[in-house]
1. So what is the 222 nm mean residue ellipticity for the chain from helices alone, if each DSSP H run of at least 4 adds -39500 (n - 2.57) and you divide by all residues, rounding to the nearest 500 deg cm²/dmol?
2. In the chain, if every C-alpha pair distance is counted and binned at 20 Å from zero, what percent goes to each bin?
3. What is the gain in length, in nm to one decimal, between residue 98 and residue 489 on full extension, counting 0.36 nm per residue of separation less the C-alpha to C-alpha distance?
4. Considering every Cα-Cα pair within the stretch 452-492, what fraction, in whole percent, is farther apart than 13 Å?
5. With a point put 7 Å past each Cα toward its Cβ, work out how far residue 383 is from residue 268 in nm, to one decimal.
6. Using only Cα atoms, what is the ratio of the radius of gyration of the stretch 23-78 to 2.2 N^0.38 Å?
7. Just grab the label-to-label distance for residue 133 and residue 227, each label 7 Å out from Cα along the Cβ direction, in nm (one decimal).
8. Per residue Cα convex hull volume for the stretch 125-198, in cubic angstrom?
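Where a number appears in this text, it was derived from the coordinates with a stated rule and is not lab data. In this text the structure is predicted, and so the values were computed from the model without any measurement. Neighbour counts are summed over all protein chains in view; Cβ atoms, including those assigned to glycine, are modelled from backbone coordinates with ideal geometry.
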């Protein structure tokens, strides 16, 4: 009898652990679902909890999801988007057309910086939204309620970018009642239509439970810091699992670059921009980072970028340009902001900072790198920042979106807008390009122009990596979205 009882307990424990997935996503309680979260972490959370308006296949074909049908009217330049009537929020309510309208417009009505104008700024009327205006349904000219499940969205130009933007879980269907007044901060837990729902959050972890009938796991625990008594199945951070195996994305996920701004006096100076350009030695900096390759263009090299291996590094040229910087600027000590979700410089970023600080001192400019968890560099804060260092997500579906923050306009709430009419014109032409070869050509022109004008100085590109426990996890499965881990595709032992 005792033996049977022990076996029952053992079987129950094993069955429970098989149905519970433990994932280490961040360290030091870094954010997972707020605006400041890292791109891969935020996209993974949003996809599994909030769902996705549209899905994209490996061959770039769109697939219906929350949005069941879409129809393009070339004469009116409008998309008719219709929701799947069977979709439910985790609170049991059904989303409607007003929720879809809110989902694609909320960021335009927030005083906080977000990615809405970068991805959805082609919607007619969004350019006329004045600061601090409160959100109201039917307020934007380019979005019309058709019926309970459908909206019509009018674009300024015919661009496939709009639909690809809707595949990003960041813009998934939601409702105004779930948010605080800033329209970006959740009132409590995130509420979505995805396969898993949030049931609890502590300082240590976020607990998800199955929200649909056929999910792979009953419970998923997302940890915000490493815990000694927890054996993780998957980790977003290296060396946190004993005898871990590594999953590497087949194409680049991010491009690390130096971003100049137009608010800081030193950053605006073309001689400083040129000096920085010639100080970058990719042969020296790239080996500091794992799974990284040198990149000379602001494009992922897997498809969009042409092969370019020219190394422009030259201390002599950097010194020549630095000598032309006004003395009043060279006498000051300037800050360089490094985006870090944990708010401190990693070991490899600290090494990069030390190398660059030393090189700048050699040409007579004093700079100090510091970490910041602020993903978006505001115009006010940029006045003290010579340049920013961050890794921008590679939009392999449509790299045009990577250039969005360089455009002019008051809605960007970023300091990267370069106020360059020639760039704005080139961007608009690229947005309207239809054929694939034409778009590739425009992407390369945009990259070349942005680098020539020193808006951005690319350094390297990195593949995405996940680490898993080979005892519990057989494979991460087929993951078509490079910045998103679909939990239900994971295969367990």
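1. Calculated from helices alone, the mean residue ellipticity at 222 nm is -7500 deg cm²/dmol.
2. In order of increasing distance, the bins hold 22, 54, 22, 2, 0 percent.
3. Taking 0.36 nm per residue and subtracting the Cα distance, the gain is 137.6 nm.
4. Here the tail beyond 13 Å accounts for 65 percent of pairs.
5. The two pseudo-label positions are separated by 1.2 nm.
6. Scaled against compact globular proteins, the figure is 1.57.
7. Distance between label points: 4.6 nm.
8. 125
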